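S.K.: Once you've had a glance at the structure underneath, I'll fire off some questions.
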Amino acid sequence: MHMRLVITLLILVLSNGFVLSQTNLEKNYAKLANPANDTAKVNALNFLAKYHINVDQDSSHFYVKNALILAEKLKYERGIGFGYLTSGILESDMGNYPEALKYILDATSIAEKIKDFPLLSGCKLNLGNFYIKTNDYDKALDIYREGLAISRQHNLFYSEASLLSSYGLALRLKGELDSSIFYYEKVLEIHHTTLHDSVVIAALYNNMASAHFAKGDIKTAENYLVESYKINKLMGNQRYMILNLSNLAELSGMEEGNIKESRAYFDEAIAMAKKARSKEALESIYLGMSETYYNHKIYDEAYLFLKLSLVYKDSVIGDGKHAEIMQISEEFKTRQIQDSLTIKEKELQLSQSNELAAELKASKTTWQLLGALIIMVAVIIVLIVVYRHSKNQKKINALLQDKNEEINHQKLEIEEKNTELTDSINYAKRIQQAILPSPNYMAKVLGDHFLIFRPKDIVSGDFYWIKQQSNRLYFAVADCTGHGVPGAMVSMLGFETIERVSGSEISDAAIFVNKINDALVTAFTARSEEIISNENQVKDGMDLSLCIVTDKKTVSYCGANNECYIIRKNDRPMPVSNDQIKITKRENFSVIELKPTKRPVGVFESEYEFKSVELQLEKGDLFYLFSDGYADQFGGPKGKKMKTSSFRDAILDAAHLPLQEQKQYLQNHLDNWQQNFDQLDDITVLSVKVE
């Protein structure tokens, strides 16, 4: 086996020279809040979708979805084209190659139709990138050349630089290292002197590292790689940081006995790739790990990582997906040929019409009688054509009537299926509601409390759990993988697991959460071999915050990614801040934040063990347990996420109110923030007062 460094593919969606700076980001947030018109709002949403591709792909999906909805409503083709292109990039990152190709080709068709050359050059770049990912380097080079011709013809300097960089990348993958470095250096010179785009410079440094590594110049490769990582880390560019970390892992793994440092880089890259849901990144990382461990003669680990790499490779582009990609590509070629033939037919008809007009004019001036005869013949021909057209139209109308009846029949079938599906989901909702603690039980066990529970869909991936046992009160809020029906299925398994574990009296929250974790891992995985061989195996679980309160007014808390807030008056004793407790003070109240363990419950690779936090409670303390749906909701004047700090401020603003009024305040705060934006995730907030 051999070592290799992963290259970086540049992307281009926006118009030539449109720099993704903080200034432009703020301008587009402002445009989104106060758009001059709906078209301006589509442009702002498309910009924000592009900006977040490398930083937060969930946000990118959110913005492009809303951009396409509005653009299609307006029939704004340019906005639709940019939306399709961004969607293609996102689908490609997630390994959904057939969907990615379709989006990019549809964007290309729109760009060609409306003659939008900045958009068309971006399509050519990303279409070439697509064929790079599917290892068709010669086809990628052909498409890059088409893009370069367009960019140079229309003075699109930014597009030209990006295409030159990708051209060099394709040459690197074909093994033409010196030519590759020549193009990289040429583009670097352009960006250092004219364009000054840090994203591109960082990507080029990574690719220069790969080329020099392939030539055996390890020191130069390492220098370029470190510089690339510094820039990407400074910009928060997670998309490219994953590649940098994987490459640094492979470089450090070349040194004998340095496998520990290499593994640390790999683990960090895997965590970021899983968060981004990038199957192609995971496939590449696991392949790099396999080669690194193989070179260190750790063959069992090398084999394990190779199998994991193959799982992700098959899920990205198996034989079925390859055939689908070929079909989509051929359909696009056919459509282009048909469009070309239609244009030629119209040109031929126009030419024939012009020739006929010239003949009529000549005959009118020289052969009046012959002209009259021609006119009569023409009239007869027209009458024949009209008659035939009328006859054909009747046939067409009859066919349309049949089609309409067929469509109406299909519509009725779809409506019936939707009704059946909705009825099934509503029944699942009733089952979920029956399992969750009832309001009467909560009032009896918790006393003064409130609950905000807003599923994104009919059923929820969040749940809450409460139990009174001996002298202990247990309560928890959990946020399971996904939302809607998949999330609800995991939530029901999670609820049943907690209920089963609670059968034995436990006073330490960390022990409780570890037992939940062990039970979920057992439920999700039967044999470790199945995790490797079956890509559909459930690999996640839930985020959780769990509290155990005794009659002596002490609490044991343990969290899996989810923190717990305790609101306390400032005239009461305060705990000492440490790595597990953080205190935020306001005028009359403070938030005592109990910090979670940074890992979920369930099947997940982590070096962290669950830890509990013990705290003495004071009368009047308020517990706040919650999922991330409230703080992650998009809205406000700039269409951004609320964030945890704003959620915490809202809790403190309402802390002086009776508990039910606090609930109303937080609900109003969420509604005012969300406005017309779609709900992003399930939302759960549970507050309990210490009597």
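S.K.: Out of all the residues in region 153-185, which are farther than 21 Å from Tyr131 by Cβ, part of a helix (DSSP H, G or I) and not polar (S, T, N, Q)?
M.R.: Phe157, Tyr158, Asp178, Ile181, Phe182, Glu185
S.K.: Filter region 503-518 for residues that are modelled with pLDDT of 85 or more, of a type outside the set (Lys, Arg) and either surrounded by fewer than 19 Cβ atoms within 10 Å (Cβ to Cβ) or outside any helix (DSSP H, G or I) (or both) and give the result.
M.R.: Ile506, Ser507, Asp508, Ile511, Asn514, Asp518
S.K.: Read through the list (1) closer than 30 Å to Ala443 by Cβ; (2) polar (S, T, N, Q); (3) not in a loop (DSSP other than H, G, I, E, B), then give the number of the only condition that Ser645 fails.
M.R.: Failing condition for Ser645: (1).
S.K.: While we're looking at this one, here's another question. Testing Gly128 on (1) in contact with a Leu (Cβ under 7 Å, 6 or more places away or on another chain); (2) open to solvent by less than 60 Å² (accessible area, probe 1.4 Å); (3) modelled with pLDDT of 85 or more, one condition comes back false. Which one is that?
M.R.: Exception for Gly128: condition (1).
S.K.: Checking Tyr103 against (1) in contact (Cβ under 8 Å) with a residue 40 or more places away in the chain; (2) closer than 21 Å to Arg239 by Cα, which test does it fail?
M.R.: (1)
S.K.: Quick one: which of Ala654, Ala631 is free of Cβ contacts under 8 Å to residues at least 24 places away in the same chain, open to solvent by less than 20 Å² (accessible area, probe 1.4 Å) and either among the acidic types (Asp, Glu) or within 27 Å of Lys444 (Cβ to Cβ) (or both)?
M.R.: Going through Ala654, Ala631 in turn, the sole match is Ala654.
S.K.: Name every residue in region 63-116 that is open to solvent by 40 Å² or more (accessible area, probe 1.4 Å) and on the phi > 0 side of the Ramachandran plot, in order of residue number.
M.R.: Hits for region 63-116 are Lys75, Lys115.
S.K.: Also, quick follow-up: Kindly indicate which of Ala271, Ala211, Ala281 is modelled with pLDDT under 85, part of a helix (DSSP H, G or I) and under 21 Å from His52 (Cβ atoms).
M.R.: On inspection, the qualifying residue turns out to be Ala281.
S.K.: In this structure, is Lys619 loosely packed, with under 14 Cβ neighbours inside 10 Å and in a loop (DSSP other than H, G, I, E, B)?
M.R.: The answer is yes for Lys619.
S.K.: Which one of Ala214, Ala202, Ala249, Ala209 is under 21 Å from Ile285 (Cβ atoms) and out of contact with any Lys or Arg (no Cβ under 9 Å at 6 or more places or on another chain)?
M.R.: Of Ala214, Ala202, Ala249, Ala209, the one residue that is under 21 Å from Ile285 (Cβ atoms) and out of contact with any Lys or Arg (no Cβ under 9 Å at 6 or more places or on another chain) is Ala209.
S.K.: Continuing with this model, one more query. Which condition number in (1) farther than 25 Å from Thr550 by Cα; (2) touching a Lys or Arg at 6+ places or on another chain (Cβ under 9 Å); (3) β-branched (Val, Ile, Thr) is the one that Thr644 fails?
M.R.: Checking Thr644 against (1) farther than 25 Å from Thr550 by Cα; (2) touching a Lys or Arg at 6+ places or on another chain (Cβ under 9 Å); (3) β-branched (Val, Ile, Thr), the one that fails is (2).
S.K.: Any idea which of Lys585, Lys553 is of a type outside the set (Phe, Trp, Tyr) and more than 23 Å from Ala654 (Cβ to Cβ)?
M.R.: The match here is Lys553.
S.K.: Check off (1) in contact (Cβ under 8 Å) with a residue 24 or more places away in the chain; (2) open to solvent by less than 50 Å² (accessible area, probe 1.4 Å); (3) touching a Leu at 6+ places or on another chain (Cβ under 8 Å); (4) not small (Gly, Ala, Ser) for Leu188 and give me the number that stays unchecked.
M.R.: Going through the list (1) in contact (Cβ under 8 Å) with a residue 24 or more places away in the chain; (2) open to solvent by less than 50 Å² (accessible area, probe 1.4 Å); (3) touching a Leu at 6+ places or on another chain (Cβ under 8 Å); (4) not small (Gly, Ala, Ser), Leu188 breaks only (1).
S.K.: Val555 fails exactly one of the following numbered conditions: (1) under 32 Å from the mean Cα position of the chain (by Cα); (2) more than 12 Å from Val601 (Cα to Cα); (3) modelled with pLDDT of 90 or more. What is the number of that condition?
M.R.: (1)
S.K.: What's the number of the condition Ala203 fails, among (1) surrounded by fewer than 22 Cβ atoms within 10 Å (Cβ to Cβ); (2) in contact (Cβ under 8 Å) with a residue 24 or more places away in the chain; (3) under 30 Å from Asn155 (Cβ atoms)?
M.R.: (1)
S.K.: Now for a different question. For region 241-282: of the residues being open to solvent by 20 Å² or more (accessible area, probe 1.4 Å), in contact with a Ser or Thr (Cβ under 6 Å, 6 or more places away or on another chain) and not polar (S, T, N, Q), which is nearest to Tyr229 (Cα to Cα)?
M.R.: Selected residue: Leu243.
S.K.: Next up: I'd like to know if region 186-197 contains one or more residues that are modelled with pLDDT of 90 or more and assigned to a loop (DSSP other than H, G, I, E, B).
M.R.: Checked region 186-197: no residue is modelled with pLDDT of 90 or more and assigned to a loop (DSSP other than H, G, I, E, B).
S.K.: For residues in region 467-482 being buried (at least 20 other Cβ atoms within 10 Å of the Cβ) and hydrophobic (A, V, I, L, M, F, W, C), which is farthest from Cys547 (Cα to Cα)?
M.R.: Cys480
S.K.: How many residues, within region 449-495, are in a helix (DSSP H, G or I), touching a helix residue (DSSP H, G or I) at 6+ places or on another chain (Cβ under 8 Å) and free of Cβ contacts under 8 Å to residues at least 40 places away in the same chain?
M.R.: Number of matching residues: 1.
S.K.: Additional query: Restricting the first residue to region 423-448 and requiring it to be surrounded by 14 or more Cβ atoms within 10 Å (Cβ to Cβ) and among the small types (Gly, Ala, Ser), which pairs with a second residue that is at pLDDT below 90 and not in a helix (DSSP H, G or I) meet a Cβ separation below 6 Å and a spacing of at least six or different chains?
M.R.: Ala428/Val459
S.K.: Scanning for something over 25 Å from Leu282 (Cα atoms) and outside any loop (DSSP other than H, G, I, E, B), does region 126-138 turn up at least one residue?
M.R.: So far as region 126-138 goes, yes, one or more of its residues are over 25 Å from Leu282 (Cα atoms) and outside any loop (DSSP other than H, G, I, E, B).
The values are calculated or read from the model by the stated rules, or taken from the named source; none is laboratory data. Everything numeric in this text was worked out from a predicted model, so none of it was measured. Positions of Cβ are backbone-derived with ideal geometry, glycine not excepted, and every protein chain shown enters the neighbour counts. Heavy atoms of the whole protein, side chains included, go into the accessibility calculation; ligands, DNA and RNA do not. Shrake-Rupley method; radii C 1.70, N 1.55, O 1.52, S 1.80 Å.
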